[in-house]
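**Student:** I'd like to ask some things about the structure below.
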Amino acid sequence: MSTKPRTILFTLIGPPLCGVLLACLVMAAWLATGLPTPAKGDTWFSVTQVPPIGGASFTSGQPGDVQFFLAVGNDSRDPNGVGLGDAIHVIGINPQARAATIIDIPRDTAVGGGGKVNSVLANSGLPQFTQTIAGFVGVPIRFAITTNFAGFTDMVDEMGGIDINIRQPMHDTDSATDFDPGPLHLNGPGALAFSRDRHSFAGGDISRTENQGYLIITALQNIQQRNVGPAGTLNLLANLGRHVQMDNVSYVDLYRLGRLALTIDPANIKNVVIPTGGGAGTNLSPGPGIDSLFADFRDDGVLQTH
Amino acid sequence: MQIAVVAVSVALLGIAGLIFLLQRGGGGGDDESRPAKKSVFGTVQMVLGGVQNANAGGPATLPDDAANQIMQMIGAYVDRGLVAPVKTGKPPENIAELFDAGTQPALEGPDKDILFESGQPERTGDFTPAAEPVIITALSDGGGQFVLATATFNYSSNVVVKGGALQTARTVALTFAPEGGVWKITGYDATVSRQGAQVDVPAATAQG
């Protein structure tokens, strides 16, 4: 897999109809915010179509069907690089129910008897990483997106920041958080710090992973409040188009990604961290109840019993 | 003399009755099942009000033939989906070909009652449709190829139905994409509001 400058590598698997919620967020951010055109030549996205992953028998590719996506934040400080997949979120979207689920997978989870799953992204690239996660969760992931530190902060800044409610004190020098509970406007670096902080919580990385899902939902709320209407959508898509490299993915796909995100009610999104158990070193083994969780998730993208 | 007066009165009554029957559409039908219709039909001309180009690459202008094709599709949408049902009292016909494959399911879902007229309540009198000029926003890709276009317009109508007049107003944004060389509807945002006689649902929106 090639790496792209300020990459959000976005893998399309299967017929191009819908997209990753985070991808949707990114798309919708530009669709919904009338912000100035970013610097010319600054590429944030690379969109690639890869062969379908098996097990998609219950999705026919129609817009109304349940879709599964993968959103990955990687730790590369190099604007041109793709690093460890440290923020891993499998997202199921049920357009008919206008609901979604975010399954948060801690980066230290050992998958398939191997080491930490986060290393697969750095070592094998996003398509292989997507297959690994799809096999682990048991859902046919159709789109995958990854962004690095620079891409993430630029995206958040371009969407005008994120208004969020800080739920507990976050004061951590490593991630540079210094947030008291209550409403707060996060700019790009602030949102990155919020996403990285694992020292402010007793739950460590588990809490951090859950916080990342919470940030995605909050960003969607922000975006939906800034809807500029159908015609404005194309103007903003033109802006976004200057920053995305698309391989076998069309503007219609991007258009639908944004539209899809805007139809999901944030109140109807569940955000759940997978159960984890013990393991060797810092590796986390999948915990009890994970099969039940995944089964509940994969049937319609919406959790009924979790 | 009295006979003459009676004869004239009977004749006048007969003429009045005949006029009454003719006004009811030939007589014989009742208002519940066969409302009479005047022969006043409305028409509406869709006019292009302007084109805005949104370029992801270098400057590009939506070609006239593309704009014309989009306008033809909008005209077909209005004629078949909004005007004809009111005229005929029947659901819209031949509208599926205006929409691309991904949008077809919407034609059978609840959005169809927002996108289109259903023919009900049945028209009993005049029908006056009107539309404001269409504004097209068109998106070109990095190579200058136009890949999406959103056409926005307001449409309104006034139709006489049983019980009085029914006013309907729609704000419609249809997004088109080329499919097999033909611009077809790939997304929509529509809002409809109704007031007057036989209004069951005053306002509704649809997005797809």
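**Student:** Starting from the Cα coordinates of region A:72-144, work out the convex hull volume and express it per residue in Å³.
**Tutor:** So the per-residue Cα hull volume is 95 Å³.
**Student:** I would also like to ask the following. Over the residues of region A:168-209, compute the C-alpha Rg and express it relative to 2.2 N^0.38 Å.
**Tutor:** 1.04
**Student:** Separate question: Convex hull volume of the Cα atoms in region B:45-155, per residue, in Å³?
**Tutor:** Enclosed volume per residue, from the Cα hull, is 105 Å³.
**Student:** Mind checking B:178-186 for the average number of partner chain beta-carbons within 10 Å of each residue's beta-carbon?
**Tutor:** That works out to 1 on average.
**Student:** Of the listed peptides A:187-194, A:175-182, A:250-257, what is their order by residue-averaged count of other C-beta atoms within 10 Å, with the highest listed first?
**Tutor:** Sorting A:187-194, A:175-182, A:250-257 by mean packing, highest first, produces A:250-257, A:187-194, A:175-182.
**Student:** Could you list B:Glu117, B:Glu132 in order of exposure, starting from the residue whose Cβ has the fewest other Cβ atoms within 10 Å?
**Tutor:** Final ranking by Cβ density, sparse to dense: B:Glu132, B:Glu117.
**Student:** Under 15 Å Cα-Cα from B:Lys162, which aspartates and glutamates qualify once same-chain neighbours fewer than 8 residues away are excluded?
**Tutor:** Cross-link targets: B:Asp30, B:Asp31, B:Glu32, B:Glu122, B:Asp126, B:Asp200.
**Student:** Quick one: Kirkwood hydrodynamic radius for region A:189-236, alpha-carbon pairs, angstrom, one decimal?
**Tutor:** Roughly 12.4 Å, rounded to one decimal.
**Student:** Give me the inter-chain shielding for A:254-261: mean count of other chain Cβ atoms within 10 Å, whole number please.
**Tutor:** Other-chain Cβ atoms within 10 Å of each residue's Cβ, averaged: 3.
**Student:** So, one more: What translational diffusion coefficient, in µm²/s and rounded to a whole number, does the Stokes-Einstein relation yield for region B:121-208 at 25 °C and a viscosity of 0.890 mPa s, taking the hydrodynamic radius as the Kirkwood radius over Cα pairs?
**Tutor:** In µm²/s, the coefficient is 166.
**Student:** Using only atoms on other chains, find how many Cβ atoms lie within 10 Å of each Cβ of peptide B:97-109 and report the average.
**Tutor:** 2
**Student:** Tell me, Kirkwood radius of region A:75-191 from alpha-carbon pair distances, in Å?
**Tutor:** One decimal place: 16.2 Å for the Kirkwood radius.
**Student:** Given N residues in region A:180-306, what is Rg(Cα) / (2.2 N^0.38 Å)?
**Tutor:** Ratio of Rg to 2.2 N^0.38 Å for region A:180-306: 1.32.
Bear in mind these aren't lab numbers, they're just calculated from the coordinates by the rules spelled out. Computed from a prediction, not measured in an experiment: that's the story for all the values here. Ideal geometry is used to build each Cβ from the backbone, glycine not excepted, and the neighbour counts take in all protein chains shown.
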